[in-house]
Amino acid sequence: MTTAPPKDSPWIFGRKLPPLGLAYVAASLENAGFKVKIIDNYMLKMTDDHIKSEVKRLKPEIVGITCGSVTYQQCIITAKAVKDVLPSCKIVVGGWHPSYMPETMLQHSEIDYVIMGEGERAVVELANSITEGADISTIAKIAGVACRYNGKIVKNSSLPITELDDIPFPARHLLPMDLYLRKMEFLSVNPVDTMNVIRGCPYNCAFCDTKGLWGSKCRSFSPSRIVEEIDQLVNNYGTRGIYFIGDNFTINKKKTTEFCDLLKRSSLDVEWICDTRVDLISRDLLREMRDAGCRTIWFGVESGSPHILKKLNKGVSIEQTIRTFKLCREEEIQISCSMMLGIPGETVDDLKATSNLAKKLNPDWIHFNIFVAYPGSSLYSEVLKNGLYDRLEDFVAYVKTNEFDYEMLLKLQRKFLRDFHRSPRSIFRKIRRDGFLKVLRRNLLND
């Protein structure tokens, strides 16, 4: 099951998407012969009493909970609720936070086991061991599992799945698909569904924690497997658009080109968007992607300040970003991008440089995200070591420096968004894309 962020958390307003990671794990368990139920409590918002009633009704042997640093407390509360009514049930937690800090989960007696990293194989081996009554000494040797053993916490490194095609399609049939919005502003069609087709990252961005979960080696599903999953989505769920969520979609040009060719030769009529880096794009690749239905690319630009980009260890220059955006425009592919505000060491002038670059780039969509430090990134260690925060919620730090605090960043975020959307270039672009009346109505509502 999933848990929702606290009501006062900035993450509560995020786009609510199907939990694909949980659906992959559920599919692997089903494939191994287990009966599985998913409760996406991020969407369902069951109370603790409701969860207790479900546990009494279902009497599960194992309950798995996805946990992030933001949902840490709710994860523990949920685990306690399960144990209150069914003490014999084994609680297994996985996800971002348990992968980086398993000790913080196992310090609570309600948590029996932690899955670190990829969960599909580890959770099947663990579930088999639990249901077969295996001794804890055997369980304590499973790759990717952490547990209490002989008075200590034992952590076994995760083994990356080299052949991702061995993993079954996500168990979307176990999700409340009717509750998800399944629309995205980046595509003109709906319904739109998400796919995650690539894992791992060879880059070393200081703000990112991806490597801790997926590893540093990029692995992907094969082009044919990706097209097969699209076919399943189209036939089973009426999907007309796909958002390929995940870093570096175009990191392997040969595989990306092969995917585009297979999709073009299929009878599938879908539009799609992907995430990638500005240094992983070329004109010929853009043409292949456009002809295969790619309508929008999301780039993480992060900053308009060269020295902040260097601090972030992004590995790209502002000039590369400008050049790639120009290529996308010329090849008629829409652009969405994200900027970060509030990096330790950033000045108000650096923040203004980011706003100015946003207006210069003039993407179709933009997000100014406030940097909040969380476990797994190198910046997190810097923030904690130097006390660069004004509040710490469990393991999540809201950054504060001599130049700004979180509240100031919220004001700058609103100002930068307002300035961007009211710039003449942005208004003209939106009029061409959406029409005059729609843009006028939207601007009046935002005033």
Residue that is surrounded by the most Cβ atoms within 10 Å (Cβ to Cβ) [pool: residues in segment 116-134 that are free of Cβ contacts under 8 Å to residues at least 60 places away in the same chain and within 21 Å of ASP209 (Cβ to Cβ)]: ALA122
Matching entry among GLY304, GLY300, GLY315 (being in the same structural domain as LEU412 (by TED's automatic domain parsing) and at positive phi): GLY315
Failed item, numbered, when GLU185 is tested on (1) part of a loop (DSSP other than H, G, I, E, B); (2) under 28 Å from MET101 (Cα atoms): (2)
Subset tally (residues that are more than 17 Å from the chain's Cα centre (by Cα) and either of a type in the set (Gly, Ala, Ser) or crowded, with 21+ Cβ neighbours inside 10 Å (or both)) for segment 188-202: 1
Matching residues in segment 288-306 - criterion: being out of contact with any helix residue (DSSP H, G or I) (no Cβ under 7 Å at 6 or more places or on another chain) and either under 22 Å from ASP261 (Cβ atoms) or modelled with pLDDT under 95 (or both): ARG290, CYS294, ARG295, THR296
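With respect to SER137, determine if the residue is over 30 Å from GLU382 (Cα atoms) and at pLDDT below 95. Show your work before the answer.
Numbers: over 30 Å from GLU382 (Cα atoms): yes; at pLDDT below 95: no.
No: the conditions fail for SER137.
Test of understanding: among LEU388, LEU379, LEU309, LEU384, which residue is assigned by TED's automatic domain parsing to the domain that holds CYS205, farther than 30 Å from VAL192 by Cβ and in contact with a Phe, Trp or Tyr (Cβ under 9 Å, 6 or more places away or on another chain)?
Working: LEU388 fails: in contact with a Phe, Trp or Tyr (Cβ under 9 Å, 6 or more places away or on another chain); LEU309 fails: in contact with a Phe, Trp or Tyr (Cβ under 9 Å, 6 or more places away or on another chain); LEU384 fails: in contact with a Phe, Trp or Tyr (Cβ under 9 Å, 6 or more places away or on another chain).
Going through LEU388, LEU379, LEU309, LEU384 in turn, the sole match is LEU379.
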Residue that is modelled with the lowest pLDDT, among those in segment 330-358 that are surrounded by fewer than 16 Cβ atoms within 10 Å (Cβ to Cβ) and assigned to a helix (DSSP H, G or I): VAL348
Given (1) part of a helix (DSSP H, G or I); (2) free of Cβ contacts under 8 Å to residues at least 40 places away in the same chain; (3) out of contact with any His (no Cβ under 8 Å at 6 or more places or on another chain); (4) closer than 30 Å to MET184 by Cα, index of the condition ILE427 fails: (3)
Residue within segment 156-174 that is buried (at least 16 other Cβ atoms within 10 Å of the Cβ), of a type in the set (D, E, K, R) and at pLDDT 95 or above present: yes
Filter result for VAL227 (farther than 27 Å from ASP279 by Cβ and among the hydrophobic types (A, V, I, L, M, F, W, C)): no
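If you check LYS310 against the conditions, is it over 24 Å from LYS183 (Cα atoms) and either assigned to a helix (DSSP H, G or I) or free of Cβ contacts under 8 Å to residues at least 12 places away in the same chain (or both)? It would help to see each step written out before you state the result.
Working: over 24 Å from LYS183 (Cα atoms): yes; either assigned to a helix (DSSP H, G or I) or free of Cβ contacts under 8 Å to residues at least 12 places away in the same chain (or both): yes.
Yes, satisfied.
The values are calculated or read from the model by the stated rules, or taken from the named source; none is laboratory data. Computed from a predicted structure; not experimentally measured. Virtual Cβ from ideal backbone geometry, glycine too; neighbours counted across all protein chains shown.
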